[in-house]
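The values are calculated or read from the model by the stated rules, or taken from the named source; none is laboratory data. Here the structure is a predicted model, which means the values were calculated and not measured. Backbone-built Cβ (ideal geometry, glycine too); neighbour counts: all protein chains shown.
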DNA sequence: TATGAATGAGTATTCATTCAT
DNA sequence: CATGAATGAATACTCATTCAT
């Protein structure tokens, strides 16, 4: 929930901003990014005017929420690298443990319009690049360890990761099992060679720009 | 694109109906289920009044599109069972090959509002039940064959299936590889036992009602 | 429910026409003259196309209904004169007894738009003129009899009559009593002279054209 | 044109509200309660959004106008009691003099739909009850004075009153004469006994709930 | 001729955004 | 600065009327 901006805000203004981001995040997750601005202001306990003073239009708010969440996800990736013993553990943690962060990207999936809004924002691009580079570090580490099959690329993993970033039919346990199944497919010495060639970090970044 | 209704429509009316469903499906996929009704009518080449004569409000249209697509998915499952040699092949085909059908379920994911619209419709419920029962047949067949690990349930597979029903970062090849990774995790004699207990057909149906 | 038109219709066409008029009369009374044309067609048991073949637009239908009812009211006035022993009795009957006919004019009161529609129609004008002339005959008769105070004009009576042409708070008995009270005020040798001068037949006709 | 609500509005908002009520009252009287909302907003000199902020739909506006007018009618009844020397005079004033107020109730008569909208509103019900109780006070006073025939009830008078609450063929003078005729029928020592039994306050209230 | 499908102008209503208090 | 009132463009939906079957 950090400001991510150059200028510091007065304490109360910062509190308002945080409440708005929190309310918007929740509303976007529950009701989609088209949710009425006035309702978001109400949930945040501020007037609609205050919301607009901080975020000049809906796009700005969506961007801010996305920046906030992507930044947190990058932080989580750094923490996973720092705190886990092996790269495999870091990978498992990143794909599986960060419940809240997992919600992050759902934002970008809720509506086609939102995708366009988010896509080009410089700060978001930087966070995304950070995340992918951190993931790349983990992936190569795990392949060096011999725990991750060598024919997958960082992009493959990222794809699997984004697949998990949705409400499935719902239950947490289900996603946990799905993750296990996927990780079983990722372990070194798997059954079948993968089709196509490894999707690397750069492939993924390129594809995000084009899509 | 079949009518799915009791009464036959006049030939031209049926054609209009089909065009509307087709246009709406496309518009919903491209732009989300909030896309302006007038634009959908225009894409279908009919007047706005014609659209509303057939579908009294947006919900009715969303429901009709969903019915159409879920029905086609059930048909595809039946075809997979009938035409593939092994249950494993049927599973691979169902998870991976039905490009168009895969788009089906994306509809239910585009917005929380859409989910509510679709959730209780009797015909959709029936299609969904059919799909799950057909999948159950495939899963048990594959386990009998010894090609599918015995500790996964139909629900586990369904979760994986829905995970694929999204635009990932985009590319088809990426999803193909992701599927391969998943299928590797599904083959008999995997590395690790799965956490929790097998998610069966009934678990899934129950969870869909509660969520 | 007579045709009131030059050309005879085929038997089934006439039946359709009558059903439409009946349905429209009922719908207008129950729901107002803005009631959807399609619903009126349905009530009449015909297709919307048939309704429009007979009545090219809503105005035509409203006019036809009004013609039908005003014509019946003129008939009733003639019958009252022919069948009642005294002019006073004819007056009482006309103001009070013609339950169905009383509903006639409510049509002209339901909406300002309807009033304009009806106002200038030649056939309606003729019916209205007939009604007023018949009423004039009754009024002068009653004054000659000495049963009606001499300082009221035909227009005064007509005003009282139209006042009754509404659903009051509802009950029939209430309107009957109201009529009695009014008639008590109309009897010869009343308490107070009326303000203004007698409103005659011509005054009323003139005022209808101007309003 | 008073607010009739708990919370005070900002001065400018109150002014807008009053203008809207005034414009709507006029438009409803001239053109009926189906008159386009946008036109009403224009007449009030506000944007359509402002109208909808204050009155969330047409029903709310109709209700507000009715509340406003019925309230004013109750006030007029109170003033008549307070300011007139005799109950008879109060009755005459109430039935005859309140030009503007007389228009009040026309609102409830314009369309069947409007009637439903208004019928159950608690504030309107209270105003209506107030009006009837005040009228009851006047009626009993006039009967005690000996100026009003004893065989009429408050309900009879109310029925006469509502009969006047319409545009007759139009002219003011006509209605004045009609009122005189009615009042002549109401004076003590009339010619004929009334049919049925006196319609009392409670009869009327009951009939309003049932109709 | 009867039918009901198609059309699109007309209205109600919502909600993003601006602006006065 | 915070607030919430005002605005009007965008959109959903209705229904009179026309036209193909």
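When residue A:108 is tested against (1) surrounded by fewer than 16 Cβ atoms within 10 Å (Cβ to Cβ); (2) more than 7 Å from chain B (Cβ to nearest Cβ); (3) at pLDDT below 70, only condition (1) is not met. Checked against the criterion of being away from chain B (no Cβ under 14 Å), in contact (Cβ under 8 Å) with a residue 24 or more places away in the chain and within 12 Å of DNA strand E (Cβ to nearest atom), the range A:36-43 has at least one qualifying residue. Suppose we keep only residues that are surrounded by 14 or more Cβ atoms within 10 Å (Cβ to Cβ) and away from chain A (no Cβ under 14 Å) within the range B:79-88. Which one would you say is farthest from DNA strand E (Cβ to nearest atom)? Checked the range B:79-88; the qualifying residue farthest from DNA strand E (Cβ to nearest atom) is B:87. If the condition is being touching a residue at least 12 places away in the same chain (Cβ under 8 Å) and not in a helix (DSSP H, G or I), then the range D:56-98 contributes D:86, D:98. Just one of (1) assigned to a helix (DSSP H, G or I); (2) modelled with pLDDT of 85 or more; (3) more than 10 Å from DNA strand E (Cβ to nearest atom); (4) surrounded by 21 or more Cβ atoms within 10 Å (Cβ to Cβ) fails for residue B:33. It is (1).
The residues on offer are A:53, A:17, A:63, and the sole one that is more than 12 Å from every other protein chain (Cβ to nearest Cβ) and more than 13 Å from DNA strand F (Cβ to nearest atom) is A:63. The residues of the range D:111-158 that are modelled with pLDDT under 85 and part of a loop (DSSP other than H, G, I, E, B), listed by number, are D:111, D:120, D:149, D:150, D:151, D:152, D:153.
Results for (1) within 16 Å of DNA strand E (Cβ to nearest atom); (2) surrounded by 14 or more Cβ atoms within 10 Å (Cβ to Cβ); (3) modelled with pLDDT of 90 or more, shown as yes or no for each residue.
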position: D:46; (1), (2), (3): yes, yes, yes
position: D:49; (1), (2), (3): yes, no, yes
position: D:63; (1), (2), (3): yes, yes, yes
position: D:72; (1), (2), (3): no, yes, no
